[in-house]
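What follows is a short report on a single structure.
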Amino acid sequence: MKKPVVAPHECPVLDAIEVFAGKWKVCILFELKDGPVRFNDLRRRISKINQKMLTQQLQQLETDGLVLRTHYPEIPPRVEYSLTKLAKSIDPVLQSMVTWSKENMKQVERARRLDKAKKSH
């Protein structure tokens with residue numbers, strides 16, 4: 001029996017994935033969990049992200065109400081990013097993802113290697 005197709009607005013999981021989709025959004029949220037972080041510090045913490053992508057992902061998170069951008073009118077100007085109350089509510093999910101990753105990534109990597117070997121023969 002074929003499963004019925006569910007419209008995105010009818011599937012809460014898809015709605016959540018839409019908010020957090022983007023290669024770096026979850027990493028950004030994770031790095032902000034302990035308090036405000038300046039842009040360059042955030043970029044150093046997520047070493048593989050480039051400046052343009054970090055800016056875009058932060059803007060999207062800010063638009064969705066997950067990140068707060070605070071500009072301090074100092075010389076030189078200082079900008080910090082922090083989590084909103086809404087974003088802090090995702091912390092238990094992020095912690096579960098960290099636990100899952102630590103417990104299961106070796107199996108995932110093994111499966112990927114086996115699949116790659118299968119496809120190369």
If we keep only residues of the range 74-89 that are in a strand (DSSP E or B) and modelled with pLDDT under 95, then the residue farthest from Ala16 (Cα to Cα) is Arg78
Among residues of the range 32-52 being of a type in the set (D, E, K, R) and not in a loop (DSSP other than H, G, I, E, B), the residue surrounded by the most Cβ atoms within 10 Å (Cβ to Cβ) is Arg43
Looking across the range 96-121 at residues that are of a type in the set (D, E, K, R) and within 21 Å of Val26 (Cβ to Cβ), the single one that is nearest to the chain's Cα centre (by Cα) is Lys102
Note: among Thr99, Thr55, Thr63, Thr70, just one is in contact with a strand residue (DSSP E or B) (Cβ under 7 Å, 6 or more places away or on another chain) and either of a type in the set (S, T, N, Q) or modelled with pLDDT under 90 (or both), namely Thr70
Any chance the range 58-70 includes a residue that's among the polar types (S, T, N, Q), under 24 Å from Val98 (Cβ atoms) and not in a helix (DSSP H, G or I)? no
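The values are calculated or read from the model by the stated rules, or taken from the named source; none is laboratory data. Keep in mind that this is a model prediction, so the values were computed, not measured. Glycine gets a Cβ as well: all are built from the backbone with ideal geometry, and neighbour counts include every protein chain shown.
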